[in-house]
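A short write-up of the structure that comes next.
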Amino acid sequence: MIASATLDSLLFDNKRLLMIAGPCAVESEKQLMDTAQFLKQAGAHVLRGGAFKPRTSPRTFQGLGEEGLKLLSRARDKTGLPVVSEVMDIEHLNLVSSYVDILQIGSRNSQNFSLLKEAGKVDKPIILKRGFGVTVSELLSASEYITSAGNNRLILAERGIRTFENSTRFTLDVSAVPVIHDRSDFPVLVDPSHPAGMTKYVEPLALAGVAAGADGLMVEVHPDARNALSDSSQQVSFDEYTRLYEKARGIAAVLGRHF
Ligand code: PEP
Ligand code: MN
C-alpha cells in the first residue's frame with residue numbers, strides 16, 4: 001500500500017490536477033502490466049482497473065474478481081502507482097480494501113446508501129461517481145453518508161448523465177464541475193470516457209473538463225482497445241492517451257494549474 005500521507009498529498013493537493021488512467025477492466029497480467037508501465041512513464045498518478053464490473057448485461061465479462069485485485073496490487077508494487085478499483089457491494093468491501101489504495105463507488109451505486117455508510121467506515125480515500133440519473137444535490141447528499149460515517153477523504157466524479165441526447169453514450173455535465181466546487185470542498189474529477197462512449201470524443205470531453213476547473217481526469221486506456229473485454233469502443237490507445245495528456249496539460253497551464 002502507498003502510505004496515507006503520500007497518497008493524500010497527491011489526491012488532495014488543490015493546485016495539482018490528478019491523472020487517473022488505466023483499463024476499464026483488468027483482463028490479464030500482460031494487459032495490466034503493459035498499461036501500468038506505459039502510464040508510469042507517461043506521467044499518470046494513479047492506475048485504475050475494474051476487477052468487479054457493474055456490466056449492464058450479466059452475459060458479458062464481469063471482471064476477474066480477486067485475481068484482478070491481485071494483479072492491480074502487483075502493478076502497484078512494480079510501478080509505485082497507487083491503484084483504484086470499484087467496490088460493488090458490502091460483501092466485497094473488506095476484500096477490495098485489502099488490495100487497493102483508493103476505493104471507487106460507481107455510478108450505479110451512487111445512491112446505494114447502505115454501501116456508502118459501510119464504505120465511510122473504511123480508512124481509504126473514496127472516489128464517488130455521480131449516478132447517471134442523479135442531480136448534483138443528490139450526489140452531495142449521498143456524499144454525506146460517507147462523510148458522516150467518518151471518512152472525509154472523498155473525491156467526486158462527474159461521468160455523464162442520461163439526457164434525451166443519444167449521439168454520445170451519456171451527456172457530460174460540464175456544469176457540474178463549477179457547481180460542485182461552489183457547494184462543497186471535495187475535489188472533482190471528470191471521467192470523459194463513459195460519457196463519450198467513443199474513443200474519438202474522449203479527448204475533447206477531457207479538455208472540456210479541465211477547462212471547467214476539474215481537479216483531475218479519469219481516463220480509460222487499453223493497449224488493444226478494439227479487443228477489450230469491456231468498453232472496447234471508448235478506451236484510448238497509448239498514443240491517443242499521450243496526445244490527450246499533452247493537450248490537457250496545456251489547458252491546465254492556461255488556468256495557472258498543472259498535473
Ligand atoms: C468505471 O469507471 O469503471 C465505471 C463502471 O464507470 P461508471 O460507474 O461511471 O459507469
Ligand atoms: Mn468502463
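Rule-based calculations on the coordinates, nothing more; no lab input. Since the structure is predicted, the reported quantities are computational estimates derived from the model, not experimental observations. Here the Cβ is made from the backbone with ideal geometry for all residues, glycine too, and neighbour counts use every protein chain on show.
Observations, loosely collected:
- Averaging 1/r over each pair of different alpha-carbon atoms in the range 75-174 and inverting the result gives 14.1 Å, the Kirkwood hydrodynamic radius.
- Calculated mean residue ellipticity, 222 nm, the chain: -12000 deg cm²/dmol, from DSSP H runs (n ≥ 4) at -39500 (n - 2.57) each, averaged per residue and rounded to 500.
- Residue of Asp123, Asp77, Asp182 that the Gaussian network model of the chain assigns the largest fluctuation, springs spanning Cα pairs under 10 Å: Asp182
- Among beta bridges identified by DSSP and lying wholly in the range 109-211, the antiparallel ones come to about 10 percent.
- Here the chain is assigned +1 on the Cβ of each Lys and Arg and -1 on the Cβ of each Asp and Glu. Its dipole about the Cα centre then comes out at about 180 debye.
- The phi-based Karplus calculation (6.51 cos²θ - 1.76 cosθ + 1.60; θ = phi - 60°) puts the 3J(HN,Hα) values of the range 222-239 at 9, x, 8, 3, 4, 9, 5, 7, 8, 6, 5, 7, 10, 7, 8, 7, 4, 5 Hz, whole numbers, x for Gly and Pro.
- Among the listed pairs Lys53/Lys124; Lys15/Lys247; Lys53/Lys129; Lys40/Lys70; Lys78/Lys117, those beyond 24 Å (Cα-Cα): Lys78/Lys117
- Charge tally around Ile105: other residues with Cβ under 12 Å, Lys/Arg +1 each, Asp/Glu -1 each, net +3.
- Computing FRET efficiency as 1/(1 + (r/R0)^6) for Leu255 and Ile90, where r is the C-beta to C-beta distance and R0 is 45 Å, gives about 0.70.
- Less than 5 angstrom separates the built amide H of Ser85 from those of Ile102, Gln104, all sequence-distant by 5 or more or on a different chain.
- Karplus-derived 3J(HN,Hα) values for the range 91-107, using 6.51 cos²θ - 1.76 cosθ + 1.60 with θ = phi - 60°, are 3, 9, 4, 5, 4, 4, 4, 6, 10, 9, 8, 9, 8, 10, 10, x, 3 Hz; glycine and proline are entered as x.
- FRET efficiency, Ser4 to Phe113 (Cβ-Cβ, R0 30 Å, nearest 0.05): 0.70
- Translational diffusion of the range 80-239, µm² s⁻¹ [Kirkwood Rh, Cα pairs; Stokes-Einstein; 25 °C; 0.890 mPa s]: 153 µm²/s
- Counted over the chain, the DSSP beta bridges are approximately 5% antiparallel.
- Note on the range 61-158: with charges restricted to the Cβ of Lys and Arg (+1) and Asp and Glu (-1), its dipole about the Cα centre is near 220 debye.
- Just checking the listed ones, Leu116, Leu207, Leu95: in the Gaussian network model of the chain with Cα springs under 10 Å, the one fluctuating most is Leu95.
- Note on the range 159-209: Rg/Rh from C-alpha atoms, Kirkwood Rh, equals 1.00.
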